[in-house]
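**Student:** Following this message is one structure expressed as structure tokens.
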Amino acid sequence: MPAYALHPQVGLRPERFGALAYHYGNRRLTFLNDEKLVIVVQTVHEYDDVDGALAAAEVPEDNWPVYRVALARLAESEVLTCR
Amino acid sequence: MPMTSRQSTERMSRGLDAPICLTWELTYGCNLACVHCLSSSGRRDPRELTTSELFGVVDELEAMQVFYVNIGGGEPTLRPDFWDLLDYCVDHHVGVKFSTNGSRITTRAAERIAATDYIDVQISIDGADASTNDAVRGRGSFDVALSAMRNLADAGFAGFKVSVVVTRHNVDQLDEFAALAASYDAQLRLTRLRPSGRGADVWDDLHVTAEQQRVLYRWLLDHPDTLTGDSFFHLSALGEPLPGLNLCGAGRIVCLIDPIGDVYACPFVLHDQFKAGSIRAAGGFTKVWRESALFTELREPGSAGACASCGSYDACQGGCMAAKFFTGIPLDGPDPECVHGHGEAALLAAAAGRPASVPGHTRNGPVPISIGRRPA
């Protein structure tokens, strides 16, 4: 599994529905519509791989595949970088 | 279920802790006198915010984690403290996109802008050639804008915006605008003509026709990378929704701070009825955004009103509040440019009572331009 970190040019702002992520380089705004996803995005750099972050954020294991896809999309849109 | 999406969610319409898209007009002063100016700019206002008040607003935006501001005017670069404000924003992690007519974008200014990721620029033109543009923006303004674009491109600043208000006379130049922007490695941005400010005086003559709206809609679907500020969401009633947020963001995700610190629901409604408060009052901008009676009301679910029985209401949400208001149509009535033609009857019934946009700062004397047809 890939290891990610929040992109250094991305700002994260908590909102009632989750968070907004803004990339100061490509000026794209992304909505994170899930609180657990926000926690994972904020802490993923502390873990050797994605699954470690998912476990620590107490994401139910059944949902891990969906979160992995969501995180891969966030990497594509440069909200996350691959370490 | 996690979702990541740049599209709207229903939750968005209930408001955010801070705006996503904040327009900040720094001055009513302008060296042009565009016939459709939303803020009726011209003369500076003696009550405009001082430099330290500007910095105070930036401090608030930083604390609220507003990612960036859209700075405009008037012509914002006419303020002597403009570049200091840009530096202050960048130092406080508030990104800036500013709109300009290009008159102050010298080689040196372009190099300065190109040197930081946090600053983006939008150069306004309203025609793909000098005669079409200058009829709206004033003689010589096209060449000035092009020279600014050249300076930015020469400074290596790719991706700046070329911003166009779509009118009856330039809507057949969309391909030319796209080619022009591409030639400077810039991005095209198209926005809707609003009947706000001096735009109210020219809207009847300049707004696109029903047939032109259909052409524009198809063009936007074919060119999804074109920026629009999501301003054409009323066209989504023609079928497939346009990319972006298809709802009115006024007071929910969008607002305007005007040059004297008054906060309005959006950049197109400079009128007392849509004034939420002032950044000069206790609690500042934060309190206005989070607690003002007007914004609280705008965040309540709206009524479909006269549009309730229309099958397209979900697609267009009744259209633009400002366009209705300044053409005298009730806010729960149809958009004056409703693609199903419901606006025309509403306009006929409402034409007597169009409210005046305030405040006006048009310079004394005649505006030295006239609206002409584009030469064939």
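**Student:** What's the number of the condition B:Glu211 fails, among (1) part of a loop (DSSP other than H, G, I, E, B); (2) over 16 Å from B:Ala323 (Cβ atoms); (3) not hydrophobic (A, V, I, L, M, F, W, C)?
**Tutor:** All conditions pass for B:Glu211, except number (1).
**Student:** Continuing with this model, one more query. Taking the options B:Ala128, B:Ala135, B:Ala110, name whichever one is out of contact with any helix residue (DSSP H, G or I) (no Cβ under 9 Å at 6 or more places or on another chain), at pLDDT 95 or above, more than 30 Å from A:Leu12 (Cβ to Cβ) and more than 14 Å from chain A (Cβ to nearest Cβ).
**Tutor:** Going through B:Ala128, B:Ala135, B:Ala110 in turn, just one is out of contact with any helix residue (DSSP H, G or I) (no Cβ under 9 Å at 6 or more places or on another chain), at pLDDT 95 or above, more than 30 Å from A:Leu12 (Cβ to Cβ) and more than 14 Å from chain A (Cβ to nearest Cβ): B:Ala135.
**Student:** Here's something else I'd like to know. Within the stretch A:34-52, can one find any residue that is more than 11 Å from chain B (Cβ to nearest Cβ), closer than 28 Å to B:Lys97 by Cβ and not in a loop (DSSP other than H, G, I, E, B)?
**Tutor:** Yes: the stretch A:34-52 contains one or more residues that are more than 11 Å from chain B (Cβ to nearest Cβ), closer than 28 Å to B:Lys97 by Cβ and not in a loop (DSSP other than H, G, I, E, B).
**Student:** Out of all the residues in the stretch A:11-33, which are of a type in the set (D, E, K, R) and either more than 9 Å from chain B (Cβ to nearest Cβ) or not in a loop (DSSP other than H, G, I, E, B) (or both)?
**Tutor:** A:Arg13, A:Glu15
**Student:** How about the stretch B:302-316: which of its residues are loosely packed, with under 15 Cβ neighbours inside 10 Å and either in contact (Cβ under 8 Å) with a residue 24 or more places away in the chain or hydrophobic (A, V, I, L, M, F, W, C) (or both)?
**Tutor:** Matches in the stretch B:302-316: B:Ser303, B:Ala304, B:Gly305, B:Ala308.
**Student:** For residues in the stretch B:229-286 being of a type in the set (Asp, Glu) and within 18 Å of the chain's Cα centre (by Cα), which is surrounded by the most Cβ atoms within 10 Å (Cβ to Cβ)?
**Tutor:** B:Asp258
**Student:** Restricting to the stretch B:325-359, and then to whatever is in a helix (DSSP H, G or I) and more than 21 Å from B:Arg214 (Cβ to Cβ), can you tell me which residue is modelled with the lowest pLDDT?
**Tutor:** Within the stretch B:325-359, the match that is modelled with the lowest pLDDT is B:Ala352.
**Student:** Do we find that B:Phe142 is within 23 Å of the chain's Cα centre (by Cα), among the aromatic types (Phe, Trp, Tyr), at pLDDT 95 or above and not in a helix (DSSP H, G or I) in this structure?
**Tutor:** no
**Student:** Right, here's the next one. Name the residues in the stretch B:178-205 that are part of a helix (DSSP H, G or I) and buried (at least 22 other Cβ atoms within 10 Å of the Cβ), would you?
**Tutor:** B:Ala181, B:Gly199
**Student:** Restrict the check to the stretch A:54-67 and report whether at least one residue is in a helix (DSSP H, G or I), under 28 Å from B:Leu245 (Cα atoms), more than 10 Å from chain B (Cβ to nearest Cβ) and modelled with pLDDT of 95 or more.
**Tutor:** There is no residue in the stretch A:54-67 that is in a helix (DSSP H, G or I), under 28 Å from B:Leu245 (Cα atoms), more than 10 Å from chain B (Cβ to nearest Cβ) and modelled with pLDDT of 95 or more.
The values are calculated or read from the model by the stated rules, or taken from the named source; none is laboratory data. From a predicted model like this one, the values you see are computed outputs, not experimental measurements. Virtual Cβ from ideal backbone geometry, glycine too; neighbours counted across all protein chains shown.
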